[in-house]
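Down below is the structure, laid out as structure tokens.
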Amino acid sequence: MASFWRHDGYAGRYLEVDLSNGSLKEQLLDKETLLSTIGGKGLATRLLTSCDTTDDEAYDLRHPVTGVADPAMHSSTPVLVMTGPFQGSKVGSSGRAVVCSRSPLTNVYIDTYIGGDFGHDLRLAGWDGLFIHGQSESMTRLQIEDQEVSLHDAEELRGMTTWQTEKAIAAKTEVQDVFSIGPAGESGVRISSPITAGRRAAGRGGTGAQFGNKNLKAISVLASGESRVADDTQYLGAVKKQRQKMGEYRKAGDPFYRFGTSRAPIYASEMGRMPTLNYTSTTGSVIQQSKKVRQLDTVALSGEFWHDSLPDAKQSGCCRPCPIACEAADRPQGIKGKPIHIERTERPEYETLAMLGSNLGLESSLDVMDGNDACNKFGLDTISSGAALSLICELAQRGWFPEGWSESEDSPAFVAASTRGNYRAGDLVEWDFGIPELPPLALERLANAELGDGTLFGTLAGGAVACSVWVEENTGFAATQLTAHCKGLDLPAWDPRGKRGNGMAYMTCNVGANHMRAGYKNPTGVPNSSALDLMPELIHSQHQSVIRDSMILCAFASDATPDEIMVQAFNGITGDTASIEDLHRRAAAQWDAARQWNVEHWNKIGATPKDQDFLSYRLRRDALPDGPAKGMVSFVNDEDEQACLSEYYRIRGWNEDGIPHSS
């Protein structure tokens, strides 16, 4: 078996794809650049910010819903798919790849991750990643077979779901992995996601719309190469230590190793952090006119109930090589092996259970499976999909529906395009919380909507935030006060009003509201006291996440891969002699580079960087109605919020407006 790698730990090249002229170019990477960025997120950020192909005229584009500058959707704007030094290795929980670009949803920096084997095989084929720009005249697909790369006409795949696309490409050519978009990406829906292995999504930020705008339907990989490491003894020693720790957690009965994140509805609701009915509550309580009228069954929403209800369901590994096996799937009678491209088999993760479950008034994990399947097939982010649908349900509940949006003369409703549960194609589905069929039926309509046509689904295709802006501008109703987000990125199912310091983690994250870019080692309590003392730890944890996402290591393996093991594996693979302090300095450079890139964008549109860091109205002004943080918002008060932000800027070495001094 041959190795196509030029350096220890790295392939030493990326593929530049210009879809406008169909050119495919090998671009070489020197070892110094690779080590200084670590790889993955760090490398993607370096290339995105230093080799940005976006034309100046991109800022002349207008968003079809809000009318603001829309450079993310210009054909010249690049989208990158990158890997890190852990891909193609035996490091556990390293089946990852990062998609990095300007988000079509927020128009700022985005990095979002996929699981599965795509990242491993892309590196084993001899590529650290892909740099894609331009726009094909017709639908196309990129085929990678080791060092042989080619573009192929894909018009026959137009309109197919991701499941259909994966099967169609596998039937046409020998392939190990397919990364594709569904109808939502083709339609330019700003919450669309590319999908691999039928269910692993690059979920956040709407990068599926980037693929669709470029007429890139899919990327397939077939690899026959092998990795190249500097020191087998050092590297394999680290792998052994990691596996031992993972085994200890499993033997100790850690519920995460059985249920993954799907058990979280139970404790998230107890902590007062689980979105309920569009974040009007965070405990599973249904509140009407300031009174609790019902309590959702959060146990029924959990993975425990899911397993109890499906006796044939089994734990399964998602990404090689991973002993955690955070994934589980039902095995209906007659199906052997792990099912794929089959409805109602996959166990949803917490964020999906919350955003397509409690957030929409649903309390059964079995019902959430249908919305999850719809997102996977049509290529949609489950988090932002839940945010979009819950916004419409609350608008209907408040009587704030724009004229002409309802497809019924009697009440806010839409026409089902297919048959599901109690609804047949052509039936009216009311916009209301607690209807199990609503998510899959509404998402089918959304995935095929015409962005910006003024209809409900055409407006909602811009995402919840853009939709709320349109409603407020066209009706006068304060719809923007109903959304939960930061920098336009929908909240990821963990409410900051229930945890001290969580608001700052969202506010200072370069992508917006993301729960995977920072964390605190110990419980911080509710936000009835200042988080000022947490700012040094926040910054340290952000750098830690950059290191993890540059190597790229799944966050679920963090406890089993402490700094000592992670650094040993990295040095053994790459031949570097880095300390954890060295890696933190490289991570700080990445964080500043992404921030500066955002600052340059905000300067071009006349926005003040500091103003972009604040949470949305609901998270700053709507106090929680019940739970441990009853009566609280994300900060003690506005002065506390300002003090925390100023202290964060000071420690980072940014000026008082949140601008890195290097800019």
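The values are calculated or read from the model by the stated rules, or taken from the named source; none is laboratory data. Because the structure is predicted, anything quoted here is derived from the model rather than measured. Here the Cβ positions follow ideal geometry from the backbone for every residue, glycine too, while neighbour counts run over all protein chains shown. Quick note on the areas: whole protein, heavy atoms, side chains included, nothing else; ligands and nucleic acids left out. Shrake-Rupley method; radii C 1.70, N 1.55, O 1.52, S 1.80 Å.
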Inset, instruction - Order these peptides, 189-195, 19-25, by their mean beta-carbon neighbour count within 10 angstrom, highest first. - result: 189-195, 19-25
Inset, instruction - Apply the Debye scattering formula to the range 506-597, with a single equal point scatterer on each alpha-carbon and no solvent, then give log10 I(q)/I(0) at q = 0.10, 0.12, 0.19, 0.22 Å⁻¹. - result: -0.29, -0.41, -0.97, -1.22
Inset, instruction - Identify all lysines with a Cα-Cα distance to K487 below 19 Å; exclude those on the same chain that are fewer than 8 residues away in sequence. - result: K604, K610
Legend entry - Local net charge near T173, Cβ-Cβ under 11 Å (Lys/Arg +1, Asp/Glu -1): 0
Legend entry - By accessible area with a 1.4 Å probe, ligands and nucleic acids excluded, highest first: order of I266, I342: I342, I266
Inset, instruction - Give me the accessible area of H515, 1.4 Å probe, in Å² rounded to the nearest 10. - result: 50 Å²
Inset, instruction - Show the residues, 5+ positions off or on another chain, whose built amide H is closer than 5 Å to the amide H of G463. - result: R190
Legend entry - All lysines inside 26 Å of K172 as judged from Cα atoms, apart from same-chain residues fewer than 8 positions distant: K25, K214, K217, K336, K338, K377
Inset, instruction - Provide the net charge surrounding I287, with neighbours chosen by a C-beta distance below 13 Å and charges set as Lys +1, Arg +1, Asp -1, Glu -1. - result: +1
Legend entry - Ranked order, F131, F256 - accessible area, probe 1.4 Å, largest first: F256, F131
Legend entry - Positive-end extreme of charge dipole, the range 411-494 - chosen from G454, V415, G434 (charges on Cβ): G434
Inset, instruction - Over the chain, give the accessible area per residue in Å² for a 1.4 Å probe, as an integer. - result: 35 Å²
Inset, instruction - With the Cα gyration tensor of the range 362-456 in hand, convert its eigenvalues to equivalent ellipsoid semi-axes via √(5λ) and list them largest first in whole Å. - result: 20, 15, 14
Inset, instruction - Find the percent of Cα-Cα distances in the range 1-152 that exceed 28 Å, and round it to a whole number. - result: 20 percent
Legend entry - Unit charges at the beta carbon, dipole of the chain: most positive-side option, S20, V633, V229: V229
Legend entry - Student exercise, the chain dipole from Lys, Arg, Asp, Glu Cβ charges, in Debye to nearest 20: 1620 debye
Inset, instruction - Give me the accessible area of W470, 1.4 Å probe, in Å² rounded to the nearest 10. - result: 60 Å²
Legend entry - Identified option (computed volume of the Cα convex hull per residue in Å³; candidates (1) 260; (2) 164; (3) 145): (3)
Legend entry - Candidate lysines for bridging to K240, where Cα separation is under 23 Å - those fewer than 8 sequence places away on the same chain excluded: K90, K251
Legend entry - Solvent exposure, largest accessible area first (probe 1.4 Å, DNA, RNA and ligands not counted), of D549, D297: D297, D549
Inset, instruction - Sum up the charges of everything whose Cβ sits under 13 Å from the Cβ of N107, counting Lys and Arg as +1 and Asp and Glu as -1, but leave N107 out. - result: +3
Inset, instruction - May I ask which residue of L482, V511, W470 lies farthest towards the positive end of the charge dipole of the range 444-527, with charges of +1 (Lys, Arg) and -1 (Asp, Glu) on Cβ and the Cα centre as origin? - result: V511
Legend entry - the range 425-536, relative contact order in percent, only Cα pairs under 8 angstrom and at least six apart counted: 14 percent
Inset, instruction - Report F401's accessible area, 1.4 Å probe, all protein chains in place, as a number in Å² to the nearest 10. - result: 40 Å²
Inset, instruction - Report ³J(HN,Hα) in whole Hz for each residue of the range 107-116, in order, from the Karplus equation J = 6.51 cos²θ - 1.76 cosθ + 1.60 where θ = phi - 60°; Gly and Pro get x. - result: 6, 10, 3, 9, 10, 9, 10, 10, x, x
Legend entry - Cut-off under 5 Å, modelled amide H: who pairs with V68 long-range: H63
